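In what follows, a structure is listed as C-alpha cells, so that the remarks can point back to it.
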Amino acid sequence: MNDRETRLKKIQLFVDKMPSLSTTVSKVLEICSRPDTAPNDLNKVISLDPVLTGQVLKLINSAYYSLMNKVTSLTRAIIMLGLNTVKNLALSTAIIRSVGQTKKSKALPIKHFWAHSIGVGVMAKMLAAERDIPLGEREEYFVAGLLHDLGKIPFGDEYIDVLKTARMSQRPLNEVELELMAVDHTDVGRMIAEKWKLNEALTDAICFHHNPREAAPENQVLAATVALADFYVCLFDIGNAGNRFPDDQRLEEILEISGIDWNTVSQLSEKVEEEITKAEIFLQV
C-alpha cells in the first residue's frame, strides 16, 4: 500500500465517523428537490424537529430581516424565507454542527475556519448576483462557498506541517498537501460530499474549486465563482483556512470562466463585511 492509499484509508475512517446528516435534513433536501414542493410540505417535516423549527423562526425574527412584527407561524416563516433559504439553512447549520462534533485540530482553529468559509460563501453569492444568476439559485453559491474547504477538516494536527511549509515557501496549500500528504483537500472533500449525499453541483464546487474546468460543464461557473471568492477572501485575510498564498496564476482563468472582471470583484469590498455579519446571524455561529 503506497503513501496515498494509506493516507486515504486513514482519512476515510475519520470521514466514516463524522455524524451523518439528520433524517430531517435529508428529508428537507429531498422535498426541496421536487419541482412541485409547497411550503406546507416543508412545514410537515420541519415541525417534527424542534431544533430546526427554532432555527427557522429565529432566523425570520432576526436582525437579518428586521421585521416589524414577530413571526410565530412556521408555515408563514417558510413562505417568507423561501424554500431555498430554508433548505440551505437546514443543510448549512447541520454541517456546521456535524463538523463541530469532530475532533478539534490545532492546525485550523474552527472559528477562523468558519470565518473564512462564510466569507467565501458570502462573496460567491454576491458575485452570483452581479452575474444576474436567478435569485433562487444564489443560495447554492453561498452553500458551495461555505463548504468548499470541508476536506481540510479530517487532516487533523498533521496539517500543521503543511501550513508551515506553504507559509515558508509561499505556495498554494493544495500543492503542498499533495507533496507532503499525497492527497489534497479536494479529494477528501469528495469523500465527505459522498457521505452526506450532496448534489452534483455542490460536490463539483468542493472538488474542483482549484480546477474549475474539470467540473461538469454545467457546474464550471459555480466552481469558478467559488474559486474567485476564495481568492478574494484569502487575499484580504478574512478568517483563515490556511491558504495565505492563493495561486494568482489561476486568476485570469477563473475570471474568464466565472464571467466576472476584477473591477467588479473589488467594487464589492465595501459590502462584504456587512454581508458576512448577516450570514453569521443566518447561520447562528
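The values are calculated or read from the model by the stated rules, or taken from the named source; none is laboratory data. It should be emphasised that the depicted structure is a prediction, and the values quoted were computed from it without experimental measurement. Every residue, glycine among them, receives a Cβ derived from its backbone with ideal geometry; neighbour counts consider all protein chains shown.
Identify the residue in region 19-49 that is of a type in the set (S, T, N, Q) and either in a helix (DSSP H, G or I) or in contact with a Cys (Cβ under 7 Å, 6 or more places away or on another chain) (or both) and, among all such residues, is nearest to Ile192 (Cα to Cα).
Selected residue: Ser26.
Residue under question is Gly82, and the condition is that it be in the same structural domain as Val71 (by TED's automatic domain parsing) and of a type outside the set (Lys, Arg); does it hold? Break it down stepwise before answering.
Values: in the same structural domain as Val71 (by TED's automatic domain parsing): yes; of a type outside the set (Lys, Arg): yes.
So Gly82 fits the description; yes.
Out of everything in region 123-153 that is among the aliphatic types (A, V, I, L, M) and touching a Lys or Arg at 6+ places or on another chain (Cβ under 8 Å), what residue ends up being surrounded by the most Cβ atoms within 10 Å (Cβ to Cβ)?
Per the criteria, the residue is Ala128.
Would it be correct to say that Thr93 is in contact with a helix residue (DSSP H, G or I) (Cβ under 8 Å, 6 or more places away or on another chain), modelled with pLDDT of 90 or more, polar (S, T, N, Q) and assigned by TED's automatic domain parsing to the domain that holds Asp41?
Working: in contact with a helix residue (DSSP H, G or I) (Cβ under 8 Å, 6 or more places away or on another chain): yes; modelled with pLDDT of 90 or more: no; polar (S, T, N, Q): yes; assigned by TED's automatic domain parsing to the domain that holds Asp41: yes.
Considered against the rule, which asks whether it is in contact with a helix residue (DSSP H, G or I) (Cβ under 8 Å, 6 or more places away or on another chain), modelled with pLDDT of 90 or more, polar (S, T, N, Q) and assigned by TED's automatic domain parsing to the domain that holds Asp41, Thr93 comes out as no.
When you look at Leu91, is it within 15 Å of Val25 (Cβ to Cβ), touching a residue at least 40 places away in the same chain (Cβ under 8 Å) and buried (at least 22 other Cβ atoms within 10 Å of the Cβ), yes or no?
Criteria met by Leu91.
Condition test on Ile118, is it part of a loop (DSSP other than H, G, I, E, B) and of a type outside the set (Gly, Ala, Ser)?
Considered against the rule, which asks whether it is part of a loop (DSSP other than H, G, I, E, B) and of a type outside the set (Gly, Ala, Ser), Ile118 comes out as no.
Just to check your reading of the model, which residue among Leu67, Leu42 is surrounded by fewer than 17 Cβ atoms within 10 Å (Cβ to Cβ) and not basic (Lys, Arg)?
Leu67
Quick grid of which residues meet (1) of a type in the set (S, T, N, Q); (2) more than 22 Å from Leu202 (Cα to Cα); (3) out of contact with any strand residue (DSSP E or B) (no Cβ under 6 Å at 6 or more places or on another chain):
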site: Leu57; (1), (2), (3): no, yes, yes
site: Asn61; (1), (2), (3): yes, yes, yes
site: Tyr65; (1), (2), (3): no, yes, yes
site: Ile95; (1), (2), (3): no, no, yes
site: Thr102; (1), (2), (3): yes, no, yes
site: Lys106; (1), (2), (3): no, yes, yes
site: Lys111; (1), (2), (3): no, yes, yes
site: Leu135; (1), (2), (3): no, no, yes
site: Glu139; (1), (2), (3): no, no, yes
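Quick one: in region 238-263, which of the residues that are closer than 19 Å to Gln170 by Cβ and either in contact with a Leu (Cβ under 6 Å, 6 or more places away or on another chain) or at pLDDT 95 or above (or both) is surrounded by the most Cβ atoms within 10 Å (Cβ to Cβ)?
Per the stated criteria, the residue is Asn243.
Of all residues in region 60-90, which are modelled with pLDDT of 85 or more and small (Gly, Ala, Ser)?
Ser73, Ala77, Gly82, Ala90
Give Arg76, Arg138, Arg131 a once-over and let me know the one that is without any contact (Cβ under 8 Å) to a residue 40 or more places away in the chain and under 28 Å from Ser266 (Cα atoms). First the steps, then the outcome.
Details: Arg76 fails: under 28 Å from Ser266 (Cα atoms); Arg131 fails: without any contact (Cβ under 8 Å) to a residue 40 or more places away in the chain.
After ruling out the rest, the residue left standing is Arg138.
Return the pairs, sorted by first residue and then second, in which the second residue is crowded, with 16+ Cβ neighbours inside 10 Å and part of a helix (DSSP H, G or I), the first residue lies in region 242-262 and is free of Cβ contacts under 8 Å to residues at least 60 places away in the same chain, the beta carbons are less than 6 Å apart, and the residues are 6+ apart or on different chains.
Sorted first by the residue in region 242-262, then by its partner, the pairs are Ile254/Ala224; Ile254/Ala227; Ile254/Leu228; Ile257/Pro212; Ile257/Gln220; Ile257/Ala224.
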